[in-house]
Amino acid sequence: MASQHPYPVARVGIVGGGQLARMMAKSAKRLGCTVTVLDPTPGSPAAQVAENHIVANYFEADALRKLVEQSDVTTYDLENIDSAVLASLAAEGHRILPDPKLLAIIQDKLLQKQAFEKHGIPTAPFISMPEPNQEAFAAFGYPLVQKARRGGYDGRGVAVLKSEKDWSTHLPVSGLVERYIEHEKELAVLVARSPSGEIKIYPAVEMVFLPGANVLDMLIAPARISEKQTKDAQQVAARAVTVLEGVGVFGVELFLTHSGEIIVNEISPRTHNSGHYTIEACVTDQFEQHLRAVLSLPLGDTTQLIPAALLNLLGEPGHNGTPLVEGLDEALAIPGVSVHLYGKATTSPYRKMGHVTVVDADLSRAQEKATRVKSLLRIKATVPENVPTR
Ligand SMILES: Nc1ncnc2c1ncn2[C@@H]1O[C@H](COP(=O)(O)OP(=O)(O)OP(=O)(O)O)[C@@H](O)[C@H]1O
Ligand SMILES: [Mg+2]
């Protein structure tokens, strides 16, 4: 007999109302689902698209209960939420995916690394570092990367220490230190996995960083690497999600070393910034794919139909307040350009305000166009900072 679903097909709950939830809500509507988001900000990016909005903090147990009780499936668009409360709600029988117990592991960088180690997933060698200690750092050896277990410190959860001279830049937090991995490229691979264990893997994407700064400049899809390297990256990413028994879409961040080795940096238990290009460039976008996975629907085709470059639209430095979008017409005049604005009411320096995907049959032309868009399209504020207001 043919499958039968009520209408709406499902009531989807999302903890977090940011841009990932916003894009997921759009895909949910297309699939005939309704959406409730839980987010502390009235008028959050996703609340503008969803049918319902619970205005509450991600750690409010009563509000989380309300969300899961009125949803057929609950998912999330960020990691920093109450995984313990969600785990107890899941234990009561509510469908919450990915599994909050897996979220609890991924939320904690030390537990995440230990899980990789236990399952033989290639990752940078590391040791636990509950209290940063100069001798222990030296004994582990430089160059190293220190990471906070959770949340980071002052928004900074990662410190790269090239030598003992950098000791003063360490973070005063509990965490781990790991070997600095010299790499050729940073890659990301999206993996979708359904409750039955069905897997679909997206192409490997290349993350291009601004020289000198730890700031993502552009994403190139597909990554400019060999077929074998692509296969290896996809295999390692799929294995990582499989051994963790993840359900949903996962963004797996990887290093490609100079000798061609693939090493897992970290996993996000959600759709990923590196996968936004899938909306324009792939048969099934990552947001619909995530919904298919958590709703136990068949997974979609991940084939990429056209090369793409992706640019984040960050708030211009020196600009705070009501956004002013400069250069939109000029950017949109370039063939292949799609602009996504997230509906955030205020901008601040480096805040993610949107993104641009450029598709072109020629990957290097897509990249050139994205570079052009970068200089044209800027998110400023209606009142620049140095102009006094009354
Ligand atoms: N072991 C390592 N060797 C070399 N570079 C590293 C290592 N770990 C992290 N990095 C660099 O630091 C960046 C941020 O690290 P990581 O992804 O672990 O932190 P994060 O706080 O989750 O960052 P984001 O939210 O931007 O993904 C990486 O993208 C990479 O450029
Ligand atoms: Mg990262």
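Highest mean first, how do 328-335, 219-226, 1-8, 44-51 rank when packing is the count of other Cβ atoms within 10 Å averaged over residues?
So the peptides 328-335, 219-226, 1-8, 44-51, ranked by packing, come out 44-51, 219-226, 328-335, 1-8.
Whole angstrom only: what separates the Cα centroid of region 275-305 from the Cα centroid of region 159-209?
The two parts, judged by their Cα centres, are 23 Å apart.
Could you give me the ³J(HN,Hα) list for region 46-54, computed from phi with Karplus coefficients 6.51, -1.76, 1.60 and θ = phi - 60°, whole Hz, x at Gly and Pro?
Calculated HN-Hα couplings, in order: 7, 4, 5, 10, 6, 6, 10, 9, 9 Hz.
With the cut-off at 21 Å, tell me which of the pairs LYS147/LYS200; LYS200/LYS228; LYS165/LYS185; LYS109/LYS231; LYS352/LYS374 have Cα atoms farther apart than that.
LYS147/LYS200; LYS165/LYS185; LYS109/LYS231, as the Cα separations exceed 21 Å there.
Would region 1-100 count as rounded, prolate or oblate if I go by the C-alpha gyration tensor, calling it rounded below 1.5 in a/c and otherwise prolate when a/b exceeds b/c, oblate otherwise?
Cα axes put region 1-100 in the oblate bin.
How would you classify region 204-320 from its alpha-carbon gyration tensor, with a ≥ b ≥ c the square roots of the eigenvalues: rounded for a/c under 1.5, else prolate if a/b is greater than b/c, otherwise oblate?
Oblate, since a/c reaches 1.5 and b/c is not below a/b.
Need the C-alpha centroid separation for region 326-377 versus region 1-63, integer Å.
26
Full-extension gain between VAL55 and GLU164, please, as 0.36 nm times their residue separation minus the C-alpha to C-alpha distance.
My answer for the length gained is 34.6 nm.
Full extension from THR41 to GLU131: what is 0.36 nm times the residue separation minus their Cα-Cα distance, to one decimal in nm?
The THR41-GLU131 span can extend by a further 28.9 nm.
Once phi is turned into θ = phi - 60°, what whole-Hz ³J(HN,Hα) does the Karplus curve with 6.51, -1.76 and 1.60 give for every residue of region 131-137, x standing for Gly and Pro?
These are the phi-based 3J(HN,Hα) values: 10, x, 8, 4, 5, 5, 4 Hz.
Each value in this text was obtained by applying a stated rule to the coordinates, not by laboratory testing. Quick caveat: nothing in here was measured; it's all calculated off a predicted structure. Neighbour counts are summed over all protein chains in view; Cβ atoms, including those assigned to glycine, are modelled from backbone coordinates with ideal geometry.
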